[in-house]
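Any read-out appearing in this document is the output of simple, stated calculations on the displayed coordinates, not a laboratory observation. This one's a predicted model, so the numbers in the text were calculated from it and none came from an experiment. Cβ atoms come from the backbone with ideal geometry, glycine included; neighbour counts cover every protein chain shown.
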Amino acid sequence: MLLSRRYDDSPCHGARHGSLVTVFGQVYGLQPVRGHLRAEVDRAPAEVARRLHLRGRPEVIALQGRIDSRRRGRPIDVTRSWLRADVFRLVMEVGPDPDDDRAMGDRMVDR
């Protein structure tokens, strides 16, 4: 994996790059593109419910995402996370936003 070494030894340690997408572009010279995003409301797996301090296995917002390198043509970040449905509100927008072509706070190559 690209970022598998210790963070203390990385070229971005101590620097303020804003986001992982910015680090991929500015530090590693990659061209991040959206690969995949999935969001669903599902029952929390037992371990997730325990870590989120939930009773039983209530519904949570399950997110899976992937950012690919346009230049390398392969994934550079894979994310899997769970959010408490009683704390977070999920808003999904699909398609281009005519007022803003940024994603995740940084410019991403989409074409």
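Observations, loosely collected:
- Between Arg50 and Arg34, the modelled label-to-label distance comes to 3.6 nm, taking each label 7 Å out from Cα in the direction of the beta carbon.
- Compared with the alpha-carbon gap, the fully stretched path from Val41 to Leu83 is longer by 14.2 nm at 0.36 nm per residue.
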